[in-house]
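The block underneath contains the structure these notes are about, expressed in structure tokens.
The values are calculated or read from the model by the stated rules, or taken from the named source; none is laboratory data. None of the values given here were measured: they were computed from a predicted structure. Methodologically, a virtual Cβ is constructed for each residue, glycine included, from the backbone with ideal geometry; neighbour enumeration extends over all protein chains shown. What goes into the accessible areas is simple: the full protein's heavy atoms, side chains included, and nothing from ligands, DNA or RNA. Shrake-Rupley method; radii C 1.70, N 1.55, O 1.52, S 1.80 Å.
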Amino acid sequence: MKNKKNHFLSFVLTSLGCIILALLACSLAFKVSLSAPDSQKDAKIVRVEIPSGSSASKIAEILAQNGLIRSDRAFYLAARFPFLSFRKSAPSLQAGFYSLSSAMDSLQIMGILESGEQDIVKVSVPEGLTISKVGAILEKNEICSAEDFVAACYNPLLLEKYSIPSHSFEGFLFPDTYFFSPEMGAEKALFVMVDAFFEKISVIPYFAGKKTESFYDDLILASIVEREYRSADEAPLIASVFKNRIKSGTGLYSCATIEYIITEIQGKPHPDVITYDDLKIDSPYNTYRWAALPPTPISNPGLVALKAVANTPETEYFYFTLTDAQAGKHTFSKSFNAHVKAGTKFKTKR
């Protein structure tokens, strides 16, 4: 009887030992499966997108395909059954764009996806750029292709959504510093910039509450002022010169419009100088030939130019010429003779 008890006890202990060893082996294998695929020395940084609504198994599949985890099954089990990785609760994995290292283990990656700390790209869009130049910046920063962005800016359905009275969003892309998600796409980037435009002008009393078509001419003028001023305090005076010319039926005579024709319409490099032949170009954007505003904005103006047009002082100036290139200062004149003298004096000083 005693031998039978000893034999049974030995069997139980042996079985228990085997179970413990098996559990330890499984635990070790599971831990290895959750370990980083690469060492710090061999690590690679991979940018991945976790689509909205992705399940834990789908996320595991995406990570495995990009070489960021050893086992999609182990990652899924760790996310689905948190006790396996000594977590109190299952992680809530957030959609978005992430830059992840193959030297991270699965639990580290899980923590980043749970935090929602997405890969964000800081993009600065200066004042006075055109649609094509904004698109080039977005492409350089891998937000979207320049071609897709330009196409979105000329999309009739998107223009209708914002009640834009034109064939493009030229003028409505607010220049600012943005924090975009990589590869977020052309339309989403466009919406962010256009929404920023309408938000910014809503705090300028002149524009607040107005429908787009009612201030479109002001936007066109602001786009020209943006390309002409160098010192912010002179922007309102430059706006006054152009408004005086419009009232008198005189041409705006803006070199910025000629540059727009050459670079954006003709697709040529930016000219070093504007020639007399350039001033003869047959185009509705040529303000040396037509005494009117061009059909659309020639750039995307910032707040300085927009406020200059919204709050233009009344002056008798009809001309301005650059007389201090270093400081970006102009001399403003009421008559053509005074304008010529100011220019002659500047050339003599140089």
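Spin-label model, A292 to K140: label points 7 Å out along the Cα-to-beta-carbon direction sit 3.7 nm apart. Over the chain, Cα pairs under 8 Å with separation of 6+ residues give a relative contact order of 13 percent. The share of C-alpha pairs in region 212-309 whose separation exceeds 15 Å stands at 59 percent.
Modelled spin labels at R47 and E187, positioned 7 Å past Cα toward Cβ, are 2.1 nm from each other. Kindly provide the chymotrypsin sites (Phe, Trp or Tyr not before Pro) of region 236-336 that DSSP labels as loop, not H, G, I, E or B, and whose Cβ sees at most 12 other Cβ atoms within 10 Å. Answer in residue order: Y276. Taken over the alpha carbons of region 38-179 as equal point scatterers, the Debye sum produces base-10 log I(q)/I(0) values at 0.11, 0.14, 0.19, 0.20 Å⁻¹ of -0.58, -0.77, -1.03, -1.09.
For the chain, the solvent-accessible area of protein heavy atoms averages 55 Å² per residue (probe radius 1.4 Å; ligands and nucleic acids excluded).
When the Cα centres of region 233-284 and region 116-166 are compared, how far apart do they sit, in Å? Region 233-284 and region 116-166 have Cα centres spaced 25 Å from each other.
Each Cα pair under 8 Å and six or more residues apart adds its sequence gap; the mean of these over the residue count of region 161-309 is a relative contact order of 33 percent. What's the FRET efficiency of A338 with D217 using the Cβ-Cβ distance as r and R₀ = 25 Å, to the nearest 0.05? The pair A338/D217 has a calculated efficiency of 0.30. Of the listed residues K44, K140, K334, the order by accessible area with a 1.4 Å probe, largest first, is K140, K334, K44. With all protein chains in place and a 1.4 Å probe, the accessible surface of the chain carries 55 percent carbon and sulfur. One quarter of the surface of the convex hull around the alpha-carbon atoms of the chain equals 26.7 nm², the direction-averaged projected area.
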